[in-house]
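Have a look at the structure below, then the notes.
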Amino acid sequence: MRIAVTVSLLGLLAGGALSAAEDGADLILRHGVFHTVAGGTVEGSLAVRAGRIAFLGPDAGALAMRGPKTAEIELAGRAVTPGLIDAHSHLAGYAFELGNVDLRGLETFDQVVERVRAAAAKAPAGAWVRGRGWDQNLWPGKQFPNHAALSRAVPDHPVYLTRVDGHAGLLNAAGMAALKIDRSTRDPEGGRYLRDAAGAPTGVVVDRAKEAVELLLPQPSAAEMLPRMQEAAANCLAVGLTTVTDMGVDAATLELYDHWAARAPLPLRVAVFLADIDPLLAEWLPRGPRLDPQARLQVRGVKMYADGALGSRGAALIEPYRDDAANLGLSVTGEDHMAAVAAKALAAGFQVGVHAIGDRGNLIALDALERALGGPRPEVRWRIEHAQVMRLQDIERMARLGVIASMQPTHATSDMGWAEERLGPVRLAGAYAWRKVLRAGGRLALGSDFPVESIDPRLGLYAAVTRQDLRGNPPGGWLPEERLTREEALRGFTLDAAYALFWEREIGSIEVGKRADLVVFANDPLRVADAELARVPVDFTLVEGRVVYRRQGAR
Ligand SMILES: [Zn+2]
């Protein structure tokens with residue numbers, strides 16, 4: 001019903017665009033190379049009117065739409081792609097991290113202490129100071145820290161600093177006092193408060209103890225988060241992202257989005273998936289998805305977790321880990337629960353996306369989705385998030401069911417150094433197997449999972465086509481038969497990502513009638529050398545024909 005309304009509205013606006021010659025275009029991009037994704041590459045000019053692409057073709061056709069108020073950008077042969085789309089990301093999580101002290105890459109604990117001390121000096125009295133990204137493997141001795149030096153340097157602010165992998169945290173003395181953590185605190189199941197020789201807590205909290213700590217920390221208010229969301233959006237636009245996702249949000253984060261959207265249209269498009277938590281779903285499913293005729297903020301998905309992650313051996317495997325013979329990983333959500341939630345989501349018109357990393361995680365996820373769907377139902381556009389390690393028959397089955405593979409190229413290049421240690425050579429055949437997904441007839445929606453990885457989609461494009469790190473290793477690429485072509489990678493970050501969000505009628509390709517979300521590159525991302533692809537400069541980013549980012553010096 002709502003989809004039908006959107007379609008007829010699109011028809012109306014596209015019809016309106018046909019009369020653009022009379023009124024003049026709002027913007028003309030002239031003399032460019034347009035990688036349309038939907039219809040090959042077009043050399044010529046593009047005209048925008050009322051936020052939509054009104055013309056694409058020979059220069060003369062666009063220039064005939066010049067009016068007194070028409071702005072123009074001379075591309076001088078520069079390449080233009082559709083606005084890039086991250087099909088799996090966590091915008092609010094990224095925004096939250098922007099407000100925390102960045103400790104990544106620091107090479108001693110003293111440097112960590114100094115950076116936190118400087119931040120605390122600027123924080124209001126008694127306020128929590130949060131940091132992220134310390135890694136004792138970079139420090140001399142590689143030992144977990146003890147809070148003592150931190151507590152001496154920052155005595156008056158409670159401090160909490162997370163480790164780079166998100167599986168450990170560090171509190172100072174004021175932080176432990178605020179949370180009432182002392183030598184009498186007991187370790188929870190699956191977690192630890194590390195202790196010194198005398199039995200006193202060192203401030204380091206691991207796994208379930210870390211989770212318990214984080215539940216007690218004060219959350220920033222919507223008003224505090226708003227400037228961070230603006231900054232996060234601006235950072236995304238600066239790297240060519242015009243549409244992102246927020247996979248698995250709670251009620252507080254939804255409120256934040258409402259608060260943001262109530263003030264002004266979001267500066268970029270965000271598709272939100274709800275977390276599988278009650279009472280959130282009990283409240284949302286009967287109400288139905290929230291669609292947006294302006295395609296700025298949409299809530300029409302439910303996100304579930306089949307298992308954990310491969311790095312921490314939480315991914316559920318059918319056979320044990322090769323480097324941990326007793327370990328099959330962790331099943332986070334059982335098949336029955338997943339199937340039941342999926343059935344309710346289906347009845348209510350919601351998409352379902354299931355996080356599945358290991359081959360058993362993917363097997364359980366597909367079993368649950370198939371049970372709820374009753375057979376192939378491509379039109380509902382359900383998704384497996386990550387689809388990272390799969391049996392070959394499950395890759396085929398995913399395609400047959402019409403389930404979209406939502407995958408992150410940079411995960412492959414981040415994990416390639418140790419994935420074989422975890423999995424052994426045989427299971428690698430179905431690991432990060434983008435090309436096998438395509439060959440099976442499946443659809444690839446690409447993303448980054450930021451803030452786990454960088455927000456920058458150029459790194460995703462580079463990883464997708466090279467399967468190498470930024471220094472070009474390993475030569476030829478890791479499992480090179482899974483590399484994508486430039487065109488396939490671009491499609492995964494544009495049209496097929498849009499499809500995975502039900503937005504392919506609005507965005508994702510450069511076609512007359514679509515919203516003019518565009519990226520102008522200084523060099524052509526489909527033609528530069530591999531090594532250049534990861535850093536090809538973005539000159540302009542446009543959302544609905546408005547320049548929302550311009551690189552300094554670009555013209
Ligand atoms: Zn994620």
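Taken together, the values in this text are just the output of simple stated rules run on the coordinates, not laboratory data. Predicted model only: the values in this text are computed from it and were never measured. Don't worry about glycine lacking a Cβ; one is built from the backbone with ideal geometry, like all the others, and counts go over all protein chains shown.
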Distance (nanometres) between label positions extended 7 Å along Cα→Cβ at ALA554 and ALA252: 3.6
Report the calculated FRET efficiency for GLN393 and ALA347 (r = Cβ-Cβ distance, R0 = 35 Å), to the nearest 0.05. 0.75
Sorted by chain and then number, the residues having a modelled amide H within less than 5 Å of the amide H of GLY191, at least 5 places away or on another chain, are ARG208, ALA209
Residue-wise, which Karplus ³J(HN,Hα) couplings in Hz belong to segment 425-440, taking 6.51 cos²θ - 1.76 cosθ + 1.60, θ = phi - 60°, and x for glycine or proline? x, 5, 5, 4, 4, x, 9, 6, 9, 4, 5, 5, 4, 5, 5, 6
Tell me, what ³J(HN,Hα) does each residue in segment 332-342 have, in order and in whole Hz, if you take phi through Karplus 6.51 cos²θ - 1.76 cosθ + 1.60 with θ = phi - 60° and put x for Gly and Pro? 7, 10, x, 4, 5, 4, 4, 5, 5, 5, 4
List the residues whose amide H sits under 5 Å from the amide H of GLY240, counting only those 5 or more places along or on another chain, with H placed 1.01 Å from N in the peptide plane. none
FRET efficiency for GLU72 and ALA531, Cβ-Cβ distance as r, R0 = 41 Å, nearest 0.05? 0.80
Could you compute Rg(Cα) / (2.2 N^0.38 Å) for the chain, with N its residue count? 1.01
Pairs of lysines 8 or more apart, or on different chains, with alpha carbons under 24 Å: count those in the chain, would you? 5
The FRET efficiency for ALA238 and ALA261, from their Cβ-Cβ distance with R0 = 25 Å and rounded to 0.05, is 0.70
Given backbone amide H placed at 1.01 Å from N, residues whose amide H is under 5 Å from that of VAL249, ignoring those fewer than 5 places away on the same chain, are PHE273, LEU274, ALA275
Here, trypsin sites (Lys or Arg not before Pro) of segment 477-546 satisfying both criteria (DSSP loop; at most 10 other Cβ within 10 Å) are none
Quick one: Karplus J couplings for segment 286-300, per residue in order, coefficients 6.51, -1.76, 1.60, θ = phi - 60°, nearest Hz, x for Gly and Pro? x, 6, x, x, 9, 9, 9, x, 8, 6, 9, 9, 10, 10, 9
Reduced to Cα centres, the span from segment 262-317 to segment 105-119 in Å works out to 35
At the level of C-alpha centres, the distance separating segment 21-82 and segment 481-519, in angstrom, is 18
